[in-house]
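The values are calculated or read from the model by the stated rules, or taken from the named source; none is laboratory data. What you see is a predicted model; the values in this text were computed from it and never measured. So basically every Cβ, Gly included, is an ideal-geometry build from the backbone, and we count neighbours across all protein chains shown.
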Amino acid sequence: MRYQSTRGTACLAFRDVLLEGLAADGGLYVPQSYPQVDAATLAAWRVLLAEQGYARLAYEVLRLFLSDIPDAELRSLCAAAYSETVFGSQVVTPVTAVGTDGQLWLAHLSYGPTAAFKDLAMQLLSQLFEYELTRRDTWLTVLGATSGDTGSSAEEAMRSLSRVKVAMLTPRGRMTPFQQAQMYGIDVPSIANIAIDGVFDDCQDLVKAINRDSDFKAAHHIGAVNSINVARLLAQVVYAFATWLQVAPDETTRISFAVPTGNFGDILSVHVARQMGLPVDALILATNENNVLAEFFATGVYRPRSSANTYATSSPSMDISKASNLERFIFDLVDRDSDRTAALFQQAEHGHFDLSTDAAFRNQRARFGIVARASSHADRVATIAHYWRTHQLLIDPHTADGLHVAATLQAAGEVTTPIIAYETALPIKFTATIREAVGFDPPTPERFSDLLSRPRHVTDLPNDAETLKRWLTHWLTA
Ligand SMILES: *Cc1c(COP(=O)(O)O)cnc(C)c1O
């Protein structure tokens, strides 16, 4: 399997795109084709998952994409990433029924170390990084900005790696108490938490400023783990298969997926599984009040918004108005025409692109299955209260966005197949909204019981790139 950019034709091995972010032409790396999976393979994978667990399934799916990593190596990287110790069970992503009519299911993607689905990709990414850095005998400094879930997930996954250091910028005082405790409670020399006097976008701008300084970047081997990394996408494809296999009674039953969406990463991985032949009906995309994607799929007009025009909502991990992974879907939509993709996203830089009269867009639902809707704060609070009252099921606000849109489409008859809704985080991460919905705080899972009382390790810095560079140089060379 080779990889190319959505804006060009360069043809690279997986190992050469693993540590990269954007391609040099500004596009995103994608596999040159989607490997096809037939019914017999699905039947075999069903047995593998049941008998040997998620790690084994991950190996089977990933070997189709990561063909330049030797089989034995890949198998042990998957075993290390998806162990029962890390995820609490061999199934890793268990699925439970919501109600008794078999129409709605919840896929639990949040049983990893930081209680959000990002752990599923990050645990594998850390294994792949260490493997490749060892092979090249080099090292890496991961520099990122986070509003919560990505940062803690990356730090937990990378904390014991010998060739990777992690510096995460966080907006001071703007993460939930649980998220702050998760990050600042880590006391490991290779991890630095930096609280910036500013908002998330300021943190993001500082990362960009540092990446523009190519001397600094090269001297300190600065890299990233953001959601455009192609290995993260491929890792997420595995649980589309794993959850489908737990719900579909046979190899031809079509199932829909409901995915709360921010950067379009999680839903894109279901799209990839569908392109590989997994019998998926609708891909239900839920946004919050930041509804750029819901508008695009309703109208064909894609109009990303600036961060100043992005609302702070009660599903904060979806407060995104420029979904970094959308380009990979558009590339498929325009039949993998990289010149057209490049032209469209250059237009978007200057405002918007319009596919409303384009045949490919008008055929989208039949060909790719995406149905998108927005959800509001009132919807998510009502949904959390509803599932607690009727099913004794406590869900987080992001999961509530997905379930709200899924139930709405099912009730309207727009989706008639059973739906797997992704549970993207546990309620403990977002206590204030849970309290508002049900009147009490969510219970703290046993494994996090001492988290809030751990001593904090965080450096306060002003919102200034030169100060940050001086601090990083000192930290990295100490
Ligand atoms: C990151 C995140 C999302 C959004 O996922 P994307 O892949 O960015 O679309 C949804 N819910 C939670 C809890 C998240 O952390």
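Please verify whether region 257-274 includes one or more residues that are under 25 Å from residue 314 (Cβ atoms), assigned to a loop (DSSP other than H, G, I, E, B), touching a residue at least 60 places away in the same chain (Cβ under 8 Å) and hydrophobic (A, V, I, L, M, F, W, C). For region 257-274, residues under 25 Å from residue 314 (Cβ atoms), assigned to a loop (DSSP other than H, G, I, E, B), touching a residue at least 60 places away in the same chain (Cβ under 8 Å) and hydrophobic (A, V, I, L, M, F, W, C): present.
Any residue at all in region 343-350 that's over 16 Å from residue 262 (Cβ atoms), of a type outside the set (Phe, Trp, Tyr), at pLDDT below 95 and not in a helix (DSSP H, G or I)? Looking for residues that are over 16 Å from residue 262 (Cβ atoms), of a type outside the set (Phe, Trp, Tyr), at pLDDT below 95 and not in a helix (DSSP H, G or I), one finds at least one in region 343-350, hence yes. Scanning region 264-282 for residues that are more than 12 Å from the ligand (Cβ to nearest atom) and among the charged types (D, E, K, R) yields 274, 281. Is it the case, given these coordinates, that residue 245 is in a helix (DSSP H, G or I), in contact with a helix residue (DSSP H, G or I) (Cβ under 8 Å, 6 or more places away or on another chain) and either among the hydroxyl-bearing types (Ser, Thr, Tyr) or within 16 Å of the ligand (Cβ to nearest atom) (or both)? Criteria not met by residue 245.
Okay, residues lined up against (1) part of a loop (DSSP other than H, G, I, E, B); (2) small (Gly, Ala, Ser); (3) at pLDDT below 95; (4) away from the ligand (no atom under 16 Å from the Cβ):
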residue	(1), (2), (3), (4)
179	no, no, yes, no
186	yes, no, no, yes
192	no, yes, no, yes
206	no, no, yes, yes
225	yes, no, yes, no
228	yes, no, yes, no
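Selection over region 1-41 of residues that are under 30 Å from residue 245 (Cβ atoms) and part of a helix (DSSP H, G or I) gives a count of 6. Of all the listed residues (403, 394), the sole one being within 16 Å of the ligand (Cβ to nearest atom), touching a residue at least 40 places away in the same chain (Cβ under 8 Å), part of a loop (DSSP other than H, G, I, E, B) and farther than 20 Å from residue 151 by Cα is 394. Checked against (1) of a type in the set (A, V, I, L, M, F, W, C); (2) part of a helix (DSSP H, G or I); (3) within 21 Å of residue 315 (Cβ to Cβ); (4) at pLDDT 95 or above, residue 240 passes all but a single condition, namely (3). Among the residues of region 136-171, those that are within 14 Å of the ligand (Cβ to nearest atom) and outside any helix (DSSP H, G or I) comprise 144, 145, 146, 147, 148.
Restricting attention to region 283-324, the residues that are in a strand (DSSP E or B), more than 14 Å from residue 375 (Cβ to Cβ) and within 13 Å of the ligand (Cβ to nearest atom) total 1. For region 436-449, the candidate set comprises residues that are part of a helix (DSSP H, G or I) and at pLDDT 95 or above; within that set, the residue that is surrounded by the most Cβ atoms within 10 Å (Cβ to Cβ) is 437. Looking at the structure I just gave you, is residue 97 more than 25 Å from residue 151 (Cα to Cα), of a type in the set (Gly, Ala, Ser) and either at pLDDT 95 or above or in contact with a strand residue (DSSP E or B) (Cβ under 8 Å, 6 or more places away or on another chain) (or both)? So residue 97 passes the test. If you go through region 88-135 and keep only what is among the aliphatic types (A, V, I, L, M), more than 17 Å from residue 75 (Cα to Cα) and part of a loop (DSSP other than H, G, I, E, B), you end up with 98, 109, 115.
Checking 468, 452, 409 one by one, the residue that is modelled with pLDDT under 95, assigned to a helix (DSSP H, G or I) and away from the ligand (no atom under 16 Å from the Cβ) is 452 and no other. Applying a threshold of 6 Å to beta carbon distances and a minimum spacing of six or more residues, or different chains, the list of pairs starting in region 165-184 at a residue that is closer than 25 Å to residue 223 by Cβ and in contact (Cβ under 8 Å) with a residue 40 or more places away in the chain and ending at one that is surrounded by fewer than 24 Cβ atoms within 10 Å (Cβ to Cβ) and of a type in the set (D, E, K, R) reads 172/197; 184/456. Answer yes or no: is there a residue in region 424-435 that is farther than 24 Å from residue 451 by Cβ, within 14 Å of the ligand (Cβ to nearest atom) and at pLDDT 95 or above. Looking through region 424-435, none of the residues is farther than 24 Å from residue 451 by Cβ, within 14 Å of the ligand (Cβ to nearest atom) and at pLDDT 95 or above. Selection over region 384-434 of residues that are out of contact with any helix residue (DSSP H, G or I) (no Cβ under 6 Å at 6 or more places or on another chain), among the hydrophobic types (A, V, I, L, M, F, W, C) and farther than 21 Å from residue 113 by Cα gives a count of 7. Would it be correct to say that residue 121 is among the hydrophobic types (A, V, I, L, M, F, W, C), under 23 Å from the mean Cα position of the chain (by Cα), within 12 Å of the ligand (Cβ to nearest atom) and farther than 20 Å from residue 234 by Cβ? Here the answer is no, as residue 121 does not meet what is asked.
Residue-by-condition table, conditions (1) touching a Ser or Thr at 6+ places or on another chain (Cβ under 7 Å); (2) more than 16 Å from residue 180 (Cα to Cα):
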| site | (1), (2) |
| --- | --- |
| 406 | no, yes |
| 429 | yes, no |
| 452 | no, no |
| 460 | no, no |
| 464 | no, yes |
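Count of region 252-263 residues, restricted to those that are within 12 Å of the ligand (Cβ to nearest atom) and either more than 15 Å from residue 374 (Cα to Cα) or surrounded by fewer than 24 Cβ atoms within 10 Å (Cβ to Cβ) (or both), is 1.
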